[in-house]
Amino acid sequence: MSLVKTDAAARAAVRTHDLDAVVVGAGGAGLYAALELKQDLGPEARIGVISKLYPTRSHTGAAQGGVCAALANVEEDHWEWHWFDTVKGGDYLVDQDAAEVMCRDAIDTIIKLEHLGLPFDRTPEGLINQRRFGGHTRNYGEGPVRRSCYAADRTGHAILQTLYQQCVRADIAFYDEYQVLDLAMPDGVDGRVSGVIALQLATGEIHSFRARGVLFATGGFGKIFKVTSNAHTLTGDGVAIPWRRGLPLEDMEFFQFHPTGMYKLGFLLSEAMRGEGGILLNDAGERFMERYAPTMKDLASRDVVSRSIYQEVAAGRGIGGGDFVHLDVRHLGAQVLNEKLPDMSGFIRTYFGIEPLTDLVPIQPTAHYAMGGIPTDIDGRVLADEAGRVVPGFYAAGECACVSVHGANRLGTNSLLDILVFGRRAGIAMARELRAAPAVEPDLAAEVAVAQAVSELRGRQDGERAATIRTELQEVMFTKCGVYRTAALLEECRAEVRTLRERARRLVIDDKGCRYNTDLVEALELGFLLDCAEATVESAVARLESRGAHAREDHPERDDENWLKHTFAFRDPDGGDARLAYKLVTVTKFEPKPRVY
Amino acid sequence: MDVTLRIRRFNPEADSDAHWETYAVEAEPTDRVLDLLHQVKWYQDGTLTFRRSCAHGVCGSDAMLINGRNRLACEFLVKDAGTDISVEPIKGLPVIKDLLVDMDPFWDQYRSVMPYLVNDEVPEDGRERRQSPEDRARYEDTSRCILCAACTTACPVFWTDGAYVGPAAIVNAHRFITDTRDHAHEERLQIMADPDGVWRCRTVFNCVEACPRGIQITRAIMEVTNEISTVGGG
């Protein structure tokens, strides 16, 4: 409480809001949770959704290919097959009880979305149409199955729009363009979470949202890497904040590189392009995936395909000897390209100035998705440690969370499914807890600390630009903690991230104003990126095996004997090595087997 | 290549009036205008203020008036924009700072048209509602809207009278008016038939030209007016 006395002015400047529940992040997970909260707690409940963007800008809207559920609308399918594919796709690091919940709930969840208005593509009979997607198979790996439900190649856009539309209908209160900077945890990691503290972009004011329950649905942190499909705003704010507060992050070493990023630009050409029949070619025009994955070929899991591309490049078979290969969709024909993949075809025409019907498309693996994040149980409750102690009042869902349903490598379409299933479940569980939750105890010290930190950054007169440090961070992470890793590279990476962190203590911004100070926001976001990078590299250094997206050239085999367990990383408050703890993977049905596609 | 970037700047905390500032930037022909704005913001003048997120034309954050036409800064490449590029905020909404405008009037218009499916009935078998591919196709075009406001802020009717609901809101009304699953058909048509609704359109086609998604907005507006005439919504 001493902080309060030292800066009464800062405290007086903080504006407070008293709510029942706060949802941070307005993508699919946050919006679905908000809908459930409103429905379960009734119209009187004060539910607030806070986002640093307008909700319809959220990155859920960039998801393309589809969302899987074993509806069996076009061919035989069973949720148990989907469950198996998810576990195998995750290289057996998936908690099988959680994946069971996701794949079973998937069917109801997709049907519910249709009821909410989602514009799915339809079969001639009027059912939700389905198509193939990487890693999704029939009968436990026999061959591809049509499981992905989709709205052309903008399924995420359709999900985001539909959920936002229904939130408008439900009259949910939105706080748009607020940058959340801290959690209210008046009793530290042993107590309840009782709100969040945020910067209002329009005014520069600090707001304290006091609430009996908080859900983080803030998305990923792909911007720690140089080449990424992620939006500029995906800076891991919600992942870094609990880490700073002494809460663990789970499985952070597992970051998915999607095989078909647009060359140099990084954003995605959907896996649906391969689902519809597109293939990858090397410099010799060879369909090289036949060598790496004889059964699934170009539709093997993403980690497998990304590594195969790297190996082709390393062997000098990249295009013109360079660091990219070709995606060939010429044979799909105008109808498929224009009607089923219109946005993808548009990207290729707009950004490369080439014609997918006649030209080969240059692609390279791009940092795409964080399998790791804030550890939660199957109802979104945040875990304080590897033993499973729950943090009262705190929930997380979507990419910022780790349930874990994706294990070491997420299957295509399962991210949309994750946000829907676990966003909804978190909302339901939170509503249940809130009915009996105690009154809010504010975190006055945190409110003041945030106000002071922002004011100090705004007032600093010299130092380095955030952009310089961010660019170096992205380069280091991409080259030393990317698709292939070694002890030497990771140790270098760790040291360099620490140096960058030191330099970032002396950031300077040009904009000293209050109104929409996006210069200030980018500097704050850099701090979050550095935290996410630190947790990622610390976890990666320690895992001495190759599993899913974590490929160690110095430890090329998966090691179930020693490493069939989740990493729980805790930040060292003094800036030293993270403390790492481990939690055994939950195996209920599928015994780990070699992973062949 | 060397590009001259002219940006319309206004910071109410520092400036009395809006004014042009000129920046010299190095660019590749394949760079987006957004990349150039970032170059200025990151390495020349951190006070330059604009919205952006996805950087590839799907989130709708960065509609701006570039070389005299509304576009997304992340979709317009230097090779098409040339070496002398002007960037201004979209028109008709109050400028808050530089290229960033007050979007509240736009969102109010959007919310006013019941932009959501109204149908709380669930099929008896608990499965999805059936909809034929033909019925689904009726709202395919308008369901692609990303709410970037490029259309509405290109509309001269909206410039002169902000009470007009504007093309983006009509597009989003059309998306549900043409959805066979919806139960609020006539109610939404009533909203569209309001004096500040769909009749205010003067078919100038600015909206169609501005839409980064290529949505046939004027056609959607006509379909709504036809539906009002048929059903008698007004």
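Out of the range A:94-156, which GluC sites (Glu not before Pro) are coil in DSSP terms and have no more than 10 other C-beta atoms within 10 Å?
Within the range A:94-156, the qualifying GluC sites (Glu not before Pro) (loop, at most 10 other Cβ atoms within 10 Å) are A:142.
Tell me which of B:126, B:177, B:201 sits at the most positive position along the dipole axis of chain B, charges placed on C-beta atoms (Lys, Arg +1; Asp, Glu -1).
B:201
Would you mind checking the range B:112-137 for residues with the amide N under 20 Å from a putative spin-label position 7 Å along Cα→C-beta of residue B:219?
B:132-137
Let's test the formula: R0 of 35 Å, r as the Cβ-Cβ distance of residue A:349 and residue B:202. What FRET efficiency results, to the nearest 0.05?
0.65
Please identify the GluC sites (Glu not before Pro) of the range A:8-76 that satisfy two criteria: DSSP loop assignment and at most 13 other Cβ atoms within 10 Å. Which are they?
Taking the range A:8-76 and a limit of 13 other Cβ atoms within 10 Å, the loop GluC sites (Glu not before Pro) found are A:44, A:75, A:76.
For the range A:453-579, divide the Cα radius of gyration by the Kirkwood radius and give the resulting Rg/Rh value with two decimals.
Rounded to two decimals, Rg over Rh is 1.07.
So what are the ³J(HN,Hα) numbers for the range A:293-300, from phi and the Karplus equation (6.51, -1.76, 1.60; θ = phi - 60°), rounded to whole Hz, Gly and Pro as x?
Result, ordered by residue: 9, x, 7, 8, 6, 5, 9, 5 Hz.
Describe numerically, in nm with one decimal, the distance between label points set 7 Å from Cα along Cα→Cβ at residue A:203 and at residue A:471.
3.7
In whole angstrom, how far apart do the alpha carbon centroids of the range A:465-525 and the range B:95-141 sit?
39
If I model a spin label as a point 7 Å beyond the Cα along the Cα-Cβ vector, how far apart are those points for residue B:43 and residue B:67 in nm?
2.3
What average number of partner chain Cβ atoms lie no more than 10 Å from the Cβ of the residues making up A:227-233?
The per-residue average across the peptide is 4.
Kindly provide the helix-only [θ] at 222 nm of the protein assembly as shown, computed as the sum of -39,500 (n - 2.57) over DSSP H runs of four or more divided by all residues, to the nearest 500 deg cm²/dmol?
Mean residue ellipticity, 222 nm, calculated: -10000 deg cm²/dmol.
Any idea what the dipole of the protein assembly as shown comes to, in debye rounded to 20, about its Cα centre with Lys/Arg Cβ at +1 and Asp/Glu Cβ at -1?
260
Rank these for me by crowding, A:104, A:485, going from fewest to most other beta carbons within 10 Å.
The most exposed by this proxy come first: A:104, A:485.
May I ask you to sort A:269, A:473 by Cβ crowding, counting other Cβ atoms within 10 Å and putting the fewest first?
Placing the least packed residue first, the sequence is A:473, A:269.
Out of every Cα-Cα pair in the protein assembly as shown, what percent are more than 37 Å apart?
Summing the P(r) of the protein assembly as shown above 37 Å gives 40 percent of all pairs.
What Rg and what Dmax come out for the range B:104-231 when only alpha-carbon atoms are used, in angstroms?
Cα-based Rg and Dmax for the range B:104-231 come out at 14.7, 52 Å.
In what order do A:331, A:406, A:59, A:17 fall by count of nearby beta-carbon atoms within 10 Å, going from fewest to most?
Fewest-to-most Cβ neighbours within 10 Å comes out as A:331, A:17, A:59, A:406.
Report the gain in length on full extension from residue B:108 to residue B:120: 0.36 nm times residue separation, minus Cα-Cα distance, nm rounded to one decimal.
Contour length minus the Cα-Cα distance gives 1.9 nm.
Quick query: amide H of residue A:173 versus all other amide H atoms, modeled in the peptide plane; which residues come in under 5 Å with a sequence gap of 5 or more or a different chain?
Answer set, sorted by chain and number: A:47, A:49.
What are the GluC sites (Glu not before Pro) within the range B:95-175 that DSSP puts in a loop, where the Cβ has at most 16 other Cβ atoms within 10 Å?
B:121, B:124
Only bridges with both residues in the protein assembly as shown count here: give the DSSP antiparallel percent, nearest 5.
Rounded to the nearest five, the antiparallel share is 70 percent.
Just to be sure I understand the model, the point goes 7 Å from the Cα along the line to the Cβ. What's the resulting residue B:20 to residue A:357 distance in nm?
Distance between label points: 4.1 nm.
Normalised by the number of residues in chain A, what is the relative contact order in percent for Cα pairs under 8 Å and 6+ residues apart?
So the answer I get is 21 percent.
Taking θ as phi - 60°, what are the ³J(HN,Hα) couplings along the range A:356-370 by the Karplus curve (6.51, -1.76, 1.60), each to the nearest whole Hz, with x for Gly and Pro?
Karplus values, whole Hz, x for Gly and Pro: x, 6, 10, 10, 7, 9, x, 9, 8, x, 9, 5, 10, 8, 8.
Expressed as a rounded percentage, what relative contact order does chain B have, with Cα pairs under 8 Å and six or more residues apart?
Across chain B, relative contact order equals 18 percent.
Name the long-range amide H neighbours of residue A:551: under 5 Å, sequence gap of 5 or more, or other chain; modelled H, no Pro or chain starts.
So residue A:551 has HN proximity to A:485.
Is there a simple number for the mean count of other chain Cβ atoms within 10 Å of the Cβ of residues in B:211-217, and what is it?
1
Quote the relative contact order of the range B:104-231 in percent (integer), defining contacts as alpha-carbon pairs under 8 Å separated by 6+ residues.
32
Compute the separation of the alpha-carbon centres of the range A:371-401 and the range A:284-349 and state it in Å as a whole number.
36
Let's test the formula: R0 of 35 Å, r as the Cβ-Cβ distance of residue A:335 and residue A:428. What FRET efficiency results, to the nearest 0.05?
0.25
If you take each beta carbon of peptide B:124-135 and count the beta carbons of other chains within 10 angstrom, what is the mean?
Per residue, the average neighbour count from other chains is 5.
Rank A:476, A:449, B:107 by how far each Cα sits towards the positive end of the charge dipole of the protein assembly as shown (+1 on Lys, Arg Cβ; -1 on Asp, Glu Cβ) and give me just the farthest.
B:107
Based on the alpha-carbon gyration tensor of the range A:260-366 and its eigenvalue square roots a ≥ b ≥ c, which shape applies: rounded if a/c is under 1.5, prolate if not and a/b is larger than b/c, or oblate?
prolate
For a quick protection proxy, order the peptides A:214-225, A:512-523 by their average other-Cβ count within 10 Å, most packed first.
The packing order, highest mean first, is A:214-225, A:512-523.
Rule-based calculations on the coordinates, nothing more; no lab input. All values derive from a computational prediction rather than experimental measurement. Quick reminder, even Gly has a Cβ in these numbers, built from the backbone with ideal geometry, and neighbours come from all protein chains shown.
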